[in-house]
Amino acid sequence: MSALASQQTRTLQLVYGSDGSGDLCQPDNVQFLADSMAVRVDVVVADGGFAGARGRFDQEAAMLPLLISEASAMIQTLQPKGCFVCKFFDMTLPGTVQLVALLALLFERVTVVKPVMSRPASSERYFLGQGFRGFDEEESKEGAVSTRQARVLLNEMLALATAGQTCGTPVDGGEGGKQALITSMRQALARGSPFVAWLRAVNDKLMRSQVEACYAIHARLEMEEGEGEGERSAHEEEESAIDVDSYRQIWGLDKLHTSHRKEQ
Ligand SMILES: C[S@@+](CC[C@H](N)C(=O)[O-])C[C@H]1O[C@@H](n2cnc3c(N)ncnc32)[C@H](O)[C@@H]1O
């Protein structure tokens with residue numbers, strides 16, 4: 001075994017939760033994960049998704065319980081100043097916007113990116129949080145957030161999302177720390193707030209670039225088809241060794257292609 005492989009064996013530990021299912025949407029499994037870690041980590045990445053949600057008109061709502069659970073796991077395992085990368089899909093439903101607002105309070109810097117390699121027909125994008133402001137203490141330090149209170153809030157949001165109530169507002173009241181968080185979230189979510197304007201700009205920008213990319217790919221496919229096979233040199237043939245049909249199929253461009261053709 002190579003040195004690298006043996007190191008990986010030493011450091012990689014798979015955790016399936018207290019019920020052995022590996023289902024992160026069970027709060028006990030998140031707790032089990034946190035308890036099984038000797039130390040908090042520098043980076044948490046979450047790439048959750050399931051085939052059943054793909055292409056569904058309500059994909060965003062279907063994903064919400066898992067996203068909340070991933071945030072909950074992050075809060076219990078990331079160390080102060082650490083980074084969080086999490087795959088989201090659309091960010092338009094009140095429940096998703098609320099979750100992003102809470103995450104924005106938990107990090108010094110946040111951004112949302114869609115890497116070039118990400119399929120343009122998919123609304124997937126990545127939340128990136130840098131400089132985790134969570135602290136284990138009961139009372140928040142100035143500028144920090146009590147991880148315990150954030151967890152309580154996330155568990156409430158999870159219960160609402162699991163019940164299909166994606167527009168639920170966190171319940172008022174409770175202990176001081178939680179109430180302070182709710183107040184901060186409400187401020188972030190207020191009409192005309194910088195957070196709401198920022199998230200709207202992110203959504204608009206991503207939607208535009210997705211549509212533009214899909215049309216550009218479509219135009220390229222049309223061009224590929226328009227070019228006669230015999231007119232290309234052997235070199236060009238090799239250069240453009242693209243399986244056009246598989247791209248069209250995988251990126252879900254079939255419908256776009258068909259409707260465009262019908263219009264002509
Ligand atoms: C896109 S894949 C992630 C692939 C991963 N980045 C990798 O390189 O292997 C999405 C993963 O989310 C997992 N997943 C879906 N629902 C989950 C849940 N409730 N709890 C834990 N994992 C879940 C799926 O089993 C799947 O492995």
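The values are calculated or read from the model by the stated rules, or taken from the named source; none is laboratory data. Quick caveat, the model's predicted, so the values are computed rather than measured. We place every Cβ from the backbone using ideal geometry, glycine too, and count neighbours over all the protein chains shown.
Structure values in brief
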read-out	value
Residue satisfying all of: in segment 47-70; closer than 21 Å to PRO27 by Cα and out of contact with any Leu (no Cβ under 9 Å at 6 or more places or on another chain); surrounded by the most Cβ atoms within 10 Å (Cβ to Cβ) among these	MET63
Scan of segment 60-83 for residues that are polar (S, T, N, Q) and either within 13 Å of the ligand (Cβ to nearest atom) or assigned to a loop (DSSP other than H, G, I, E, B) (or both), ordered by number	SER69, SER72
Helices (runs of 4 or more DSSP H) fully within segment 180-264 counting 3 or more residues that are touching a helix residue (DSSP H, G or I) at 6+ places or on another chain (Cβ under 9 Å) and modelled with pLDDT of 85 or more	194-226
Tally, over segment 9-57, of residues that are near the ligand (Cβ under 10 Å from one of its atoms) and part of a loop (DSSP other than H, G, I, E, B)	13
Some residue of segment 85-104 being assigned to a strand (DSSP E or B), surrounded by fewer than 13 Cβ atoms within 10 Å (Cβ to Cβ) and either of a type in the set (Lys, Arg) or within 16 Å of the ligand (Cβ to nearest atom) (or both)	no
